[in-house]
Amino acid sequence: MNTAALAALEPDLTVLRFAGHNFEPLPSGALYWRARETLLVADLHFEKMASFARRGQMLPPYDTAMTLKRLESDLRRTGARELLSLGDSFHRPDSASLLTPGDRMRLDAITEAVSCIWLSGNHDPVPHDIGGTCLPELEMDGLLFSHEPKKGRTGLIAGHLHPAARLAINGRATRKPCFVHDNRLLILPAYGSSTGALNILSPAFVGLFHWPALEVVMLGRDRTYPVPVKRLVGG
């Protein structure tokens, strides 16, 4: 299914409203909080390919540069003054030390240009020496920002699960990363260029959401698309 077919589902992109706040879902997988001039991202997984290389899997180590390019573009596009990363910013606790000099300079330029908050994740549970503030989680304006989703917590914005939606229309299907929420829990898609995604109908998501209130926003090439939950399929 091409972008034009997806556009027919929702001709005008609606701002994602969650727990009384308005957010703008970007096609990169970032979420812009205009009221706070804050760009939210989850699961950057910097230096994932470098980590694989250290284990003998020789894969092209360009994922960090690609993710940084995307991040630089989103910061310019939105004019954000703050970056909030929801954990797993690095693929391993020592990944910051694996950055190439060029990638480290680009990341340092970001931390010097905007205020950065790095939440810990299961891949990077300890603070690193990149500029900004490292925290286990953050509460702000009645919202809780954390890496992993938690059952029963209202106003929680998280990452970790790399959500994707598979949509079936007229006998054809497309599968893309997505934002998903039920006005109590919001999960962002993975932002890193080599991260993969997990269907929100898979067992990992069971029990997290109140399905009658579920809203899904799928990533497209140039925009995002709210999609009807009844069209979601497994796989």
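Contact annotation: residue pairs with Cβ atoms under 9 Å, 6 or more positions apart or on different chains, pairing a residue in the stretch 103-130 that is loosely packed, with under 13 Cβ neighbours inside 10 Å with a partner that is part of a loop (DSSP other than H, G, I, E, B) and acidic (D, E), are N122/D88; N122/E148. Among the residues of the stretch 213-235, those identified as among the β-branched types (V, I, T) and within 20 Å of R184 (Cβ to Cβ) are V216, V217, V227, V229. Of all the criteria given as (1) closer than 20 Å to G87 by Cβ; (2) of a type in the set (G, A, S); (3) touching a residue at least 60 places away in the same chain (Cβ under 8 Å), the one not satisfied by A204 is (3). For A96, are the conditions met, namely being modelled with pLDDT of 95 or more, surrounded by fewer than 20 Cβ atoms within 10 Å (Cβ to Cβ) and of a type in the set (A, V, I, L, M)? So A96 fails the test.
With respect to the conditions (1) within 30 Å of G142 (Cβ to Cβ); (2) out of contact with any strand residue (DSSP E or B) (no Cβ under 9 Å at 6 or more places or on another chain); (3) of a type outside the set (A, V, I, L, M, F, W, C), S194 lacks only one, and its number is (1). Among the residues of the stretch 131-149, count how many are out of contact with any helix residue (DSSP H, G or I) (no Cβ under 8 Å at 6 or more places or on another chain) and either surrounded by 15 or more Cβ atoms within 10 Å (Cβ to Cβ) or closer than 27 Å to E47 by Cα (or both). The total comes to 13.
Among all residues of the stretch 151-160, there is none that is surrounded by 17 or more Cβ atoms within 10 Å (Cβ to Cβ), in contact with a helix residue (DSSP H, G or I) (Cβ under 9 Å, 6 or more places away or on another chain) and under 20 Å from D124 (Cβ atoms). Checking each residue in the stretch 78-101 for being in contact (Cβ under 8 Å) with a residue 24 or more places away in the chain and over 22 Å from L138 (Cβ atoms) picks out R92, L98, L99, T100.
R223 meets all of the listed conditions (1) surrounded by fewer than 23 Cβ atoms within 10 Å (Cβ to Cβ); (2) of a type outside the set (A, V, I, L, M); (3) within 11 Å of the chain's Cα centre (by Cα) but one, namely (3). Only one of the numbered conditions (1) in contact with a His (Cβ under 7 Å, 6 or more places away or on another chain); (2) surrounded by fewer than 21 Cβ atoms within 10 Å (Cβ to Cβ); (3) modelled with pLDDT of 95 or more is not met by L201, and that is (1).
The values are calculated or read from the model by the stated rules, or taken from the named source; none is laboratory data. For clarity, every value in this text was computed on a predicted model and none was experimentally measured. With ideal geometry, Cβ positions are generated from the backbone for all residues, glycine too; neighbour counts draw on all protein chains shown.
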